[in-house]
Each structure stands twice: as structure tokens, then as C-alpha cells.
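Written below as C-alpha cells is the structure these notes are about.
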Amino acid sequence: MIRLKHLPLDSISVSSPYGKRSITVNNRYYWWHNGTDFKAPLNSPVYAVADGRVAAARYDDSYGYYAALDHGKFGTLYAHLSRLNVAENDYIRAGQIIAYTGSTGDSTGPHLHFEIRLSPYENFWDRVHCDSSVFMNTVDPMIFIEDFLDRESDLSLGEAIAIVQSEAGLEDKTMEYMARHYRYGEDLVKKLAKAIK
Ligand SMILES: [Zn+2]
């Protein structure tokens, strides 16, 4: 089970999703996007999403300056960086600044290219399937980013009731009834609170 402990950037805004796409950058053609691109101004801090070891911190024509982290059962990769803040074999903690965003390699402007690979670093570059779900061990990073954001925004029932009640102006007994006696009422109130917040 992959569980991120930190986000790769302070703010998450997708500029290009994972999956099939056709682009040519610097005369190299790409038909599959191995990761998700996030908007980020030049030199934004990039954070390790979990504890691990720096398996690669180098330059590549496509990735530009990039870092690959080995988290044991899975790995993450951060590319097109302006500057690396770690060296190979460093042990890093979730939330540590490992690099700064840039536009090196095959990139058309500053952003972060972020990958999650379902393998330890030794098998990082192996291709297991060439279908729409797994390419070169990669998976859609947004599955795990969204899971992280969901956990972050988990509210207690009391907090959720307060948010919904203040917005909807409902009486205490109505709120109580909804939360305690409706079928799935607690989930419903929490969902409403998240939607309102
Ligand atoms: Zn990308």
C-alpha cells in the first residue's frame, strides 16, 4: 500500500495528466506521459513525499535535472528541476526539500514532472505492461495525491456539523437528526462540510 506522507509541492495544480498524449519536445516524440505535471513557478521547493533513499540525482537529456527516490516498495521521480538539494545515497525524510522546480531537459516551461513507480529502484526502468494502466512500472500519481488530500481534510463529526450548520443555518436538532439518524448521515454531513469548506 502506497501512502504519501507529504505533497511534492506546496500547491497542487495539474497542468498535464498522466497517460496517453502525443507531444514532441526538442525533436523527441512522447506518446505516453509517465507522470503528472504540476504548475509551479521557477525555483519552488520540491518535497520528498515519503521517507527513503536518493537512488538517482543527476542530469538526463529528457528529464533534465532529476531525482529518483527509493521508498522500498515504490519509488518517486521528480524532473525538470533547476537545482538538486540532495546527493545519491542520501537518506531523506518525508517533507524534506530535495530540489527546486525548473525547466531543464525536454520541458517547455517551469513545472514539476512527478512520477510514482511500483517497484524498488533496481527494477525502476523495467517495462511490465504496455497498456493503459502500467507503463514502465508507473501509475497515475493523482490516485495517491488525492488519497493524501482526502486524509488531510478529514474532519471530525463535530467540525463537520459546525461547518454545515453555519452555512445552512439549520437548527441544532435538525443537524443532530441528520448526522445521527439518517442512513449514512455522518458521511453525508462530512461530505457536505468538505464541499462547503
Ligand atoms: Zn511530465
What GluC sites (Glu not before Pro) does segment 135-197 have in DSSP loop regions with at most 11 other beta carbons within 10 Å?
-> GLU171
Folded to 0 to 90 degrees: helix 185-196 orientation relative to the chain principal axis, Cα = 60 degrees
Sites excluded, chymotrypsin sites (Phe, Trp or Tyr not before Pro) in DSSP loops with at most 15 other C-beta within 10 Å, longest stretch of the chain = 1-124
Taking H placed 1.01 Å from N in the peptide plane, check which residues at least 5 places from ALA40 or on another chain put their amide H under 5 Å from its amide H.
-> LEU112
Could you list ARG53, ARG183, ARG28 in order of exposure, starting from the residue whose Cβ has the fewest other Cβ atoms within 10 Å?
-> ARG183, ARG28, ARG53
What is the fewest-to-most order of LYS190, LYS20, LYS39 by other Cβ atoms lying within 10 Å of their Cβ?
-> LYS20, LYS39, LYS190
Spelling it out for THR101: with amide H atoms placed in the peptide plane at 1.01 Å from N, the residues 5 or more places away or on another chain with amide H under 5 Å from its amide H are ASN43, SER44, VAL46, SER82
Quote to one decimal, in nm, the extra length available between ASP150 and ASN89 on full extension: 0.36 nm per residue of separation minus the C-alpha distance between them.
-> 18.8 nm
Distance check, please: which entries in LYS5/LYS194; LYS20/LYS73; LYS173/LYS194; LYS5/LYS39; LYS5/LYS173 exceed 27 angstrom between their Cα atoms?
-> LYS5/LYS173
Would you please classify the overall shape of the chain from the alpha carbon gyration tensor, given that a ≥ b ≥ c denote the square roots of the eigenvalues, rounded means a/c under 1.5, and beyond that prolate means a/b larger than b/c while oblate covers the rest?
-> prolate
Per-residue [θ]222 nm for the chain (sum of -39500 (n - 2.57) over DSSP H runs n ≥ 4, rounded to 500) = -7000 deg cm²/dmol
ALA162-SER11 FRET efficiency (beta carbon distance; Förster radius 30 Å; 0.05 resolution) = 0.70
Residues ASP126 and ARG180, FRET efficiency given R0 of 45 Å [Cβ-Cβ distance, rounded to 0.05] = 0.30
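Every number in this text was worked out from the coordinates using simple rules, so none of it is lab data. For clarity, every value in this text was computed on a predicted model and none was experimentally measured. With ideal geometry, Cβ positions are generated from the backbone for all residues, glycine too; neighbour counts draw on all protein chains shown.
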